[in-house]
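Input: a single structure, listed below in structure tokens.
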Amino acid sequence: MKRFAGLLILAATIVLFASCNGGGGFLSASGTNNEMMVLMDDQSWEGPAGRALFDVLNSNVKAIPQPEANFSILQIEPENFTSTFKMARNIIIPEISSIYSKPKLTADIDKYAVGQVIMTIHAPDTASFVEFVSESKESIIDYFVTKELERTGNWLKRDVPNPVARVQQVFGINIHLPKGLSNVTEYENFYWATNNASRGRQDVVIYQFPYRTEKVFEKDSLIAIRNEVLGKYIKGSFDSQMTTADRVYSPDYRTMVMDGTYRAEMRGLWEMTTDMMGGPFVMHAFVNDNTGMVVVVEAYVYAPEMNKRNLMRNLEATLYTISIPKPQEAVIEG
């Protein structure tokens with residue numbers, strides 16, 4: 001009954017969206033952020049294949065103080081996959097059949113709606129499906145989370161079409177911040193925007209320094225730099241200052257290329273040194289070739305006694321709006 005009620009809510013959301021989109025043409029994918037629809041019959045869902053997939057999707061979000069699942073899961077029978085549910089934003093379709101020689105993943109983008117991602121997991125039998133899904137856990141999670149962040153970032157650029165002018169001037173980058181981050185503090189080479197909310201506080205910090213060596217992008221170097229910079233400018237009660245809670249949770253680190261620019265990403269937990277405050281953060285660090293400066297953009301939240309997955313991912317999408325103008329387009333301060 002609980003699952004059926006969830007399906008009714010999703011159907012109502014999608015129907016409402018469709019009725020409000022009077023522009024015609026291809027509709028946008030709908031549903032709740034970080035929600036996953038699994039197209040699988042009840043018997044298989046309750047069996048080893050379904051349990052293996054559930055364990056992957058229900059795994060905990062990285063670098064969140066309290067356990068929270070990566071996705072909210074809705075499972076439906078294939079015969080119920082009607083036109084209404086085909087509008088869902090994230091869909092996984094398991095296909096277990098002897099026609100496949102080995103397990104593999106395939107993905108369809110925008111198949112039934114704009115902004116939709118459908119992943120099909122192929123396997124010749126249940127045993128190989130279970131093994132493959134378990135081994136591919138990180139790939140499955142990272143793929144859908146990245147698509148969510150890109151989707152939310154694109155929505156943010158439509159909602160706030162103009163990049164922050166002051167950030168363009170000082171740092172030479174384009175970035176779109178959510179409308180609520182209206183409280184701004186500035187120091188030299190340091191920009192801090194926050195909604196200053198009593199519940200669900202969200203902050204974005206941007207700082208820069210000259211690029212001298214690629215070692216600056218190593219994990220330990222980034223931790224030391226953020227502790228120095230944020231400890232200097234972000235203060236709290238009892239003479240406290242912001243720092244990385246790396247003894248509690250060793251930050252996750254990876255590198256990537258976005259829009260042709262190498263970025264180092266680090267996510268972990270922050271805390272105040274002598275105060276009972278803390279929460280999750282994520283940073284992207286990269287070189288602005290127009291200025292020769294390393295630019296660091298951090299998003300973090302403070303939301304005690306609240307779930308933080310959606311709050312953090314919605315803010316993290318800001319990092320996916322960053323772009324570096326071509327030299328002739330760059331805004332020069334002065």
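The values are calculated or read from the model by the stated rules, or taken from the named source; none is laboratory data. Bear in mind the structure is a predicted one, so any value in this text is a computation, not a measurement. Cβ placement follows ideal geometry from the backbone for every residue including glycine, while neighbour counts extend to all protein chains displayed.
Just the residues that are surrounded by fewer than 18 Cβ atoms within 10 Å (Cβ to Cβ) and not polar (S, T, N, Q), please, taken from region 158-169.
158, 159, 160, 161, 165, 166
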Members of region 114-139 that are of a type outside the set (Val, Ile, Thr), under 25 Å from residue 35 (Cβ atoms), at pLDDT 95 or above and not in a strand (DSSP E or B): 116, 129, 132, 134, 135, 136, 137, 138, 139
So residue 88 clears everything in (1) surrounded by fewer than 18 Cβ atoms within 10 Å (Cβ to Cβ); (2) under 30 Å from residue 280 (Cβ atoms) except one condition, right? Which one? (1)
So residue 13 ticks every box in (1) at pLDDT 95 or above; (2) part of a helix (DSSP H, G or I); (3) under 24 Å from residue 153 (Cα atoms); (4) not hydrophobic (A, V, I, L, M, F, W, C) but one. Which box is left unticked? (1)
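Which ranges mark the strands (runs of 3 or more DSSP E) fully within region 241-284 that have 1 or more residues being of a type in the set (A, V, I, L, M) and closer than 18 Å to residue 313 by Cα?
Those strands (runs of 3 or more DSSP E) span 252-258, 261-272.
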Name the residue that is nearest to residue 326 (Cα to Cα), counting only residues in region 246-282 that are surrounded by 20 or more Cβ atoms within 10 Å (Cβ to Cβ) and among the small types (Gly, Ala, Ser). 264
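Is it the case that residue 189 is at positive phi and either touching a residue at least 24 places away in the same chain (Cβ under 8 Å) or not acidic (Asp, Glu) (or both)? Walk me through how you get there before you give the answer.
Values: at positive phi: yes; either touching a residue at least 24 places away in the same chain (Cβ under 8 Å) or not acidic (Asp, Glu) (or both): yes.
Spelling it out, residue 189 is indeed at positive phi and either touching a residue at least 24 places away in the same chain (Cβ under 8 Å) or not acidic (Asp, Glu) (or both).
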Which of the following residues is in contact with an Asp or Glu (Cβ under 7 Å, 6 or more places away or on another chain) and either at pLDDT 95 or above or on the phi < 0 side of the Ramachandran plot (or both): 170, 164? 170
Can you name the condition, by its number, that residue 106 falls short on among (1) in a strand (DSSP E or B); (2) out of contact with any His (no Cβ under 8 Å at 6 or more places or on another chain); (3) among the hydroxyl-bearing types (Ser, Thr, Tyr)? (2)
